[in-house]
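Visitor: One structure, as structure tokens, below. Some questions next.
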């Protein structure tokens, strides 16, 4: 009952409900995508005013490269959420998958498995491990029809436990340079991780919009029985999305390892909360079928800039978490006001 | 069953106390006028029908009569007293209750707890007394003749029993005026009869009903007075006995002769006996049906009907790949399809309107264009890349072809009215230029005009040489068919060709042989 916009005579005759808000209906979709833009701009202004080094090229690149691992994880989670599923195990995949790759390559003396396989093989293991975990998640959620929340929560604990057991308190760092390239090298003056994350967002965003598989993700998340009735193999779509998500999470783990220069048992821990915060303030619905990657990307940038600003402002590290959380709540409220729609 | 209620002579009715009254009601949403100088007066002990096409203003009037919306102008009176303030929900609940299409029963709780949810009888102040709650529930149900067990979970009730529990809950809150918003939407004809029997008994016991329905038969079956709205205006209020069917349809649509169903009464040329067989169903068995077999020729429209549990819907769903039979064979245009595979059915040339547009028909957030083209995404560009231009062109053809009222291909389908949403589902069924159409309840919950448009599609499909299977329990839908197959308890029970009478078909559906009343 929100007929608001003017409407002309309709061929069907009569003030049919179908002609409600013709202009706003289209505009709203855009607004929801870009609901965070005012907040991001506001943060840019605050940053520029409060700290002269904020807008410098190096600092902005730093923000981007520091956000790229989070960006890949948010991309993975966003696609999974749009398909109507959920994956809480991404943060542990980001820890375990690269660790497996590292340990397959480095000698036993440096805490490796002792297999000392070639580097290319170790690098291949990393995305494959992520994909494989996605396959297992899909098996449990799609085939056995277990609850996705609890399956991936349990999987998260299991994977973290395996990582802790494998590493047993050590730190993995003596790996070939190729393993750190993604998170530490530059290309044309911009970190490789930023290029990769940007490319992933561009490809995924394009596919979600212009490829039938991408539209199938929205259809399955929006109404799975209807998608099925239209001949879309809903189970395969959901499974595929979980596998892609696992692969992207493994890639995110490699980015983190490269930035830090090492892997320990805590890699990625507790990151999943930030991932969800970024996705939801970016307009991704937890109920599926709604949201865009442009919005999710703005969510990532907002949180990345926020973290950077808090560090530049030399906020006490003991308080940074409380402030960070409070600002996420404020961002949610701003997004709610800009779209005028409730978030589920 | 079906006994006629005690008739209410008009003079008698006119003298009765007016329970609920609204006049001069005007309501705008932005620039859209939802109600303009609308009036209604419901008298004690009557069942008053409120009819009108989708968008005529029925929902808005109900929202105003139940205190969910405030009218911009006009007054609402209960028993001659002005209505309470909008914030005073309890006062509204004592005066009026609405049983919506959507159930408000909490399935996991028992019937008794549903009746007393949030006002459970207590002992010593705050402790819930389950014993007293069950006793009170039993007493309430007995008093109003609702034969359900108060200790079972409400989720296990039949739809009509659940409606009765909702009505009993309203009565226990003190209201004697109840609005029924399309109560029969999910019921088969037998359940509808049971519900009507209850309604008539409650009416005799002094409950007043305002009855909203798309089915004009129901209006004549249970109501004494009818009010018609059209395009936000009050058109007429009259005793149902004084308003014939065609006059009523005319009042609703503002068109003369709108009651005529396309093709009704016209002797159609039967498809030639040498027309190719489009669908061959052979010894099909599954949980809901056994050994069903029939054929449909190209250019032939076959109705498939039966009670809710008869399996007619499931047989049709099996043809469309939405239901997996245990054994048997389905051939579409000479090729067997893979059981339970929508993709296989689509590839064989089946287009389907599923049973419920909200459940299986539409993705509400997506646009008209995307919903209509969902089955042909692979044909809208190369390598799976969707050409927006091809999709929009297809959507525009669909919008024009089916006369869908929308802003354009990009409008989210959730913003369309029910009839137009159903046309989008029909557009999707036609998208792959199917040789066989499977239409399950194609006109459920849409207004009279959309109904005609949707049935016209069936006629056009026949002219284009498509075979069609129409599953419906609405006689108007079945009249467009060349043959009607009746299922009973999972088996084919009877077959009728054009010229059947309502009585014989309904009797056959109900499984009471070919005798008449």
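Visitor: Please determine whether any residue of the range A:176-199 is surrounded by fewer than 22 Cβ atoms within 10 Å (Cβ to Cβ), under 30 Å from residue B:366 (Cβ atoms) and under 20 Å from the mean Cα position of the chain (by Cα).
Guide: We begin by selecting, within the range A:176-199, every residue surrounded by fewer than 22 Cβ atoms within 10 Å (Cβ to Cβ); these are A:176-178, A:180-181, A:184-190, A:192, A:194-196, A:198-199.
Restricting the remaining residues to those that are under 30 Å from residue B:366 (Cβ atoms) gives A:198-199.
Then drop every residue that is not under 20 Å from the mean Cα position of the chain (by Cα), which leaves A:198-199.
So far as the range A:176-199 goes, yes, one or more of its residues are surrounded by fewer than 22 Cβ atoms within 10 Å (Cβ to Cβ), under 30 Å from residue B:366 (Cβ atoms) and under 20 Å from the mean Cα position of the chain (by Cα).
Visitor: Continuing with this model, one more query. Of all the strands (runs of 3 or more DSSP E) wholly in the range B:184-242, which have at least 3 residues that are under 26 Å from residue B:171 (Cβ atoms) and touching a residue at least 60 places away in the same chain (Cβ under 8 Å)?
Guide: Values: elements: B:208-212, B:225-230, B:233-239.
Answer list for the range B:184-242: B:208-212, B:225-230.
Visitor: Picking from B:425, B:363, which residue would you name as being within 10 Å of another protein chain (Cβ to nearest Cβ), within 15 Å of residue A:230 (Cβ to Cβ), assigned to a helix (DSSP H, G or I) and touching a residue at least 24 places away in the same chain (Cβ under 8 Å)?
Guide: Working: B:363 fails: assigned to a helix (DSSP H, G or I).
Answer to the check: B:425.
Visitor: May I pose another question? Would you check if residue A:158 is within 24 Å of the chain's Cα centre (by Cα), surrounded by 17 or more Cβ atoms within 10 Å (Cβ to Cβ), modelled with pLDDT of 95 or more and within 13 Å of residue A:89 (Cα to Cα)? Steps first, please.
Guide: On the way: within 24 Å of the chain's Cα centre (by Cα): yes; surrounded by 17 or more Cβ atoms within 10 Å (Cβ to Cβ): no; modelled with pLDDT of 95 or more: yes; within 13 Å of residue A:89 (Cα to Cα): yes.
For residue A:158, the condition - within 24 Å of the chain's Cα centre (by Cα), surrounded by 17 or more Cβ atoms within 10 Å (Cβ to Cβ), modelled with pLDDT of 95 or more and within 13 Å of residue A:89 (Cα to Cα) - is not met.
Visitor: Look at residue A:218 and say whether it is in contact with a helix residue (DSSP H, G or I) (Cβ under 9 Å, 6 or more places away or on another chain) and either within 20 Å of residue A:282 (Cα to Cα) or buried (at least 20 other Cβ atoms within 10 Å of the Cβ) (or both).
Guide: On the way: in contact with a helix residue (DSSP H, G or I) (Cβ under 9 Å, 6 or more places away or on another chain): yes; either within 20 Å of residue A:282 (Cα to Cα) or buried (at least 20 other Cβ atoms within 10 Å of the Cβ) (or both): yes.
So residue A:218 passes the test.
Visitor: Do we find a residue being at pLDDT 60 or above, touching a helix residue (DSSP H, G or I) at 6+ places or on another chain (Cβ under 9 Å) and within 14 Å of chain B (Cβ to nearest Cβ) anywhere in the range A:32-48?
Guide: Step one: list which residues in the range A:32-48 are at pLDDT 60 or above, which gives A:32-48.
If we keep only those that are touching a helix residue (DSSP H, G or I) at 6+ places or on another chain (Cβ under 9 Å) too, we end up with A:32-40, A:42-44, A:46-47.
Of the ones still in play, those that are also within 14 Å of chain B (Cβ to nearest Cβ) are A:32-33.
There is at least one residue in the range A:32-48 that is at pLDDT 60 or above, touching a helix residue (DSSP H, G or I) at 6+ places or on another chain (Cβ under 9 Å) and within 14 Å of chain B (Cβ to nearest Cβ).
Visitor: Let me ask something else. For the range B:338-355, how many residues are part of a loop (DSSP other than H, G, I, E, B), buried (at least 18 other Cβ atoms within 10 Å of the Cβ) and within 12 Å of chain A (Cβ to nearest Cβ)? Outline the logic, then answer.
Guide: Taking the range B:338-355 as the starting set, the residues that turn out to be part of a loop (DSSP other than H, G, I, E, B) are B:338-341, B:349, B:354-355.
With buried (at least 18 other Cβ atoms within 10 Å of the Cβ) added as a condition, the list becomes B:339, B:349, B:354-355.
If we keep only those that are within 12 Å of chain A (Cβ to nearest Cβ) as well, we get B:354-355.
Here the count works out to 2.
Visitor: State which residue is farthest from residue A:163 (Cα to Cα) when the search covers only the range A:87-123 and only residues that are in a loop (DSSP other than H, G, I, E, B) and modelled with pLDDT of 95 or more. Reasoning before the result, please.
Guide: First, pick out the residues of the range A:87-123 that are in a loop (DSSP other than H, G, I, E, B): A:87-89, A:106-107, A:111-118.
When the remaining residues are screened for being modelled with pLDDT of 95 or more, the result is A:87-89.
Details: A:87: 18, A:88: 16, A:89: 13 Å.
Looking at residues that are in a loop (DSSP other than H, G, I, E, B) and modelled with pLDDT of 95 or more, I get A:87.
Visitor: If you don't mind, there's one more thing I want to ask. Report, by residue number, each residue of the range B:243-263 that is touching a helix residue (DSSP H, G or I) at 6+ places or on another chain (Cβ under 9 Å), modelled with pLDDT of 75 or more and in a helix (DSSP H, G or I).
Guide: B:245, B:248, B:249, B:252
Visitor: Assuming residue A:240 fulfils every condition listed in (1) modelled with pLDDT of 90 or more; (2) assigned to a helix (DSSP H, G or I); (3) closer than 18 Å to residue A:71 by Cβ apart from one, which condition is it?
Guide: Single failed check for residue A:240: (3).
Yes/no matrix, rows are residues, columns are (1) crowded, with 16+ Cβ neighbours inside 10 Å; (2) free of Cβ contacts under 8 Å to residues at least 24 places away in the same chain; (3) away from chain A (no Cβ under 14 Å):
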site: B:42; (1), (2), (3): yes, no, yes
site: B:64; (1), (2), (3): yes, no, no
site: B:68; (1), (2), (3): no, yes, no
site: B:73; (1), (2), (3): no, no, yes
site: B:110; (1), (2), (3): yes, no, yes
site: B:114; (1), (2), (3): yes, no, yes
site: B:123; (1), (2), (3): no, yes, yes
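Visitor: Among the residues of the range B:390-410, are any more than 10 Å from chain A (Cβ to nearest Cβ), more than 23 Å from residue B:449 (Cβ to Cβ) and surrounded by fewer than 16 Cβ atoms within 10 Å (Cβ to Cβ)?
Guide: yes
Visitor: Within the range B:366-389, which residues are crowded, with 18+ Cβ neighbours inside 10 Å and facing chain A (nearest Cβ under 7 Å)? Can you show your working first?
Guide: Pass one, the range B:366-389, residues crowded, with 18+ Cβ neighbours inside 10 Å: B:366-377, B:380, B:386.
Selection gives B:366, B:370, B:374, B:375, B:377, B:386.
Visitor: How many residues are farther than 16 Å from residue B:106 by Cα and in contact with a helix residue (DSSP H, G or I) (Cβ under 7 Å, 6 or more places away or on another chain) if we restrict to the range B:125-158?
Guide: Start the filter on the range B:125-158 by keeping residues that are farther than 16 Å from residue B:106 by Cα, which leaves B:125-136, B:138-147.
Right, trim to in contact with a helix residue (DSSP H, G or I) (Cβ under 7 Å, 6 or more places away or on another chain) and you get B:133-134, B:140-141, B:144-146.
Looking only at that region, the number is 7.
The values are calculated or read from the model by the stated rules, or taken from the named source; none is laboratory data. Source: prediction; values computed, not measured. Ideal geometry is used to build each Cβ from the backbone, glycine not excepted, and the neighbour counts take in all protein chains shown.
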